[in-house]
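This report concerns only the one structure given below.
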Amino acid sequence: MVQNDGNTPGSGNAQRMFGPQAGVYATSQVHVRDDSLDVLQKLAARSDDKAYGWAADLGTGAGFTAFAMAQLSDRVVATDPTRPMLEQTRRLGRERGLENLGLSRNVAESLPFAGESLDLVTSRVAGHHFSDLNRAFDEVRRVLKTGGVFVMADSVCPEDDEVDRWMNDIELRRDFSHVRNRKISEINVMLADRSLKVERQEGARIFLRFNEWVARTVVPEPEATALRNDFLQAPAGAREAFQIQPSNGDIDFSWPCLVFRAVKV
Ligand SMILES: C[S@@+](CC[C@H](N)C(=O)[O-])C[C@H]1O[C@@H](n2cnc3c(N)ncnc32)[C@H](O)[C@@H]1O
C-alpha cells in the first residue's frame, strides 16, 4: 500500500527521469544485485543476529535494498518520490512474497516518520539524486532512535578536483536528474556534523557498460556520441580512477562507491 502519497517537492527532475524508465530499473542487473548491495547488507547485519524493528529505505527505486532489509527487520518501509518506481517495488515485493514491506511516496528530505521512531535507515545508489543531501541526513538523524543504524551505499568521486569535475559533468549529461557525487571527505563531515558516528566504512565498485548505461537514461544519440568520445579521451586521472577500458564496441568502467554504517549517538 502506498501511504503518504502526496506532495513530493524538489523531485520533479527525478520523477521525469525515473518515471518512464521504472520498468528498466526493475530488471537492471546493476540494481537487482551488485557489490554495493552485498556490502550494504553485510554492514547492516546485526552482530546479535536479532531483527531490527522498524526500518526505512530512502530512494528505494524498484525496491531491491528494501527487499534485502526485509530479511533483517520486522517491518521495512520502501520510500521514493517516483510513483512508477513504487509500483515496481510493490509488484516485485509481491512476487517475492514479502509480507513485512510497506511503501511510502516521499522525498528523503521530508520523511513521513515520527522523531526517534526507526531502528534502521538504508539508502543505496540514490543519495547523488537527492536535491539536498544535508537535509536528508538531518531527516535520518531526526527519525532514527538513539542507537539506531544508518547504512548507505552511493557512488562517490575521488578527492582530486579535476577528476571530481570530470565525473560529475559526465553524470549530469547522461542523467539530468543527477545532483552530485560527493567526495568521501565531504560525506564524513556531513555525518560528523549530525553526530552520526561512523562505525565502519568500506569501498565497493559499481561496474557499468557504457552502451547499456546511456540507454537506461535514454540519452539522445548526439550526446551519447559526445559522452563516448569523452570516455575514450578521458584524462589519465579519470581513466585510472574509473577503470575505463574500451571493449568490443563498448566501454567498461566502474564508479567508486562508499558504503558506511553509522550510528546515531
Ligand atoms: C538508481 S534509483 C535507486 C536504486 C535503489 N535504491 C536500489 O537499491 O536498487 C534512484 C532513485 O532515487 C529516487 N530519488 C530521486 N530524488 C530523490 C529524493 N530527493 N528523495 C528520495 N529519492 C529520490 C528516484 O526516484 C529513483 O527511484
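The values are calculated or read from the model by the stated rules, or taken from the named source; none is laboratory data. Remember, it's a predicted structure, so these values are computed and weren't measured experimentally. Here the Cβ positions follow ideal geometry from the backbone for every residue, glycine too, while neighbour counts run over all protein chains shown. For the accessible areas, the whole protein counts, side chains as well, though only heavy atoms, and no ligand, DNA or RNA atoms are used. Shrake-Rupley method; radii C 1.70, N 1.55, O 1.52, S 1.80 Å.
FRET efficiency for residue 225 and residue 114, Cβ-Cβ distance as r, R0 = 35 Å, nearest 0.05? Can you show the working numbers first?
Working: r = 50 Å, r/R0 = 1.43.
Taking R0 as 35 Å, the efficiency between residue 225 and residue 114 is 0.10.
If you roll a 1.4 Å probe over the chain with all protein chains in place, what percent of the accessible area is carbon or sulfur?
Numbers: 5580 of 11450 Å².
After summing per-atom areas, the C and S share lands at 49 percent.
Under a crude label model (7 Å from the Cα following the beta-carbon direction), how far is residue 45 from residue 13 in nanometres?
3.8 nm
So, taking all protein chains as they sit and a 1.4 Å probe, how much accessible area belongs to residue 130, in Å² rounded to tens?
20 Å²
For 183, 145, what's the largest-to-smallest order of accessible area, 1.4 Å probe? Don't skip to the end; give the middle numbers.
On the way: 183 25, 145 75 Å².
Ranked from most to least accessible, the order is 145, 183.
Only bridges whose two residues both fall in the chain count here: according to DSSP, what percent of them are antiparallel, nearest 5?
Details: 23 of 47 bridges.
Just about 50 percent of them are antiparallel.
Using only the alpha-carbon atoms of the range 125-265, report the extent along each of the three principal axes, biggest first, to the nearest angstrom.
51, 26, 23
In percent, how large is the relative contact order of the range 1-112, given Cα pairs closer than 8 Å and 6 or more residues apart?
Details: 182 pairs, mean separation 39.5, N = 112.
Reported as a whole number, the value is 35 percent.
What does the convex hull of the alpha-carbon atoms of the range 84-133 project to on average, in nm²?
Seen from a random direction, the Cα hull of the range 84-133 projects 4.4 nm² on average.
Relative to the Cα centre, what is the charge dipole magnitude of the chain, using +1 at the beta carbon of each Lys and Arg, -1 at the beta carbon of each Asp and Glu, and rounding to the nearest 20 debye? All intermediate terms of the calculation are to be shown ahead of the outcome.
Values: 33 positive and 38 negative charges, 143 e Å.
Charge dipole, the chain, about its Cα centre: 680 debye, nearest 20.
Under the Kirkwood approximation applied to all pairs of distinct alpha-carbon atoms, what is the hydrodynamic radius of the range 11-164 in Å? Working shown, then result.
Values: mean 1/r = 0.0641 Å⁻¹.
Evaluated on the range 11-164, it is 15.6 Å.
Which whole-number percent is the relative contact order of the chain (Cα, under 8 Å, 6+ apart)? Numbers along the way, then the final one.
Values: 532 pairs, mean separation 56.6, N = 265.
Taking the mean separation of contacting Cα pairs over the length of the chain, I get 21 percent.
Over the range 115-262, what is the relative contact order in whole percent, taking alpha-carbon pairs under 8 Å and six or more residues apart?
Values: 223 pairs, mean separation 45.0, N = 148.
The value is 30 percent.
Would you mind estimating how fast the chain diffuses translationally, via Stokes-Einstein at 4 °C and 1.567 mPa s with the Kirkwood radius over Cα pairs, in µm²/s? Please report the intermediate quantities before stating the final value.
Working: Rh = 18.7 Å.
Here the translational diffusion coefficient equals 69 µm²/s.
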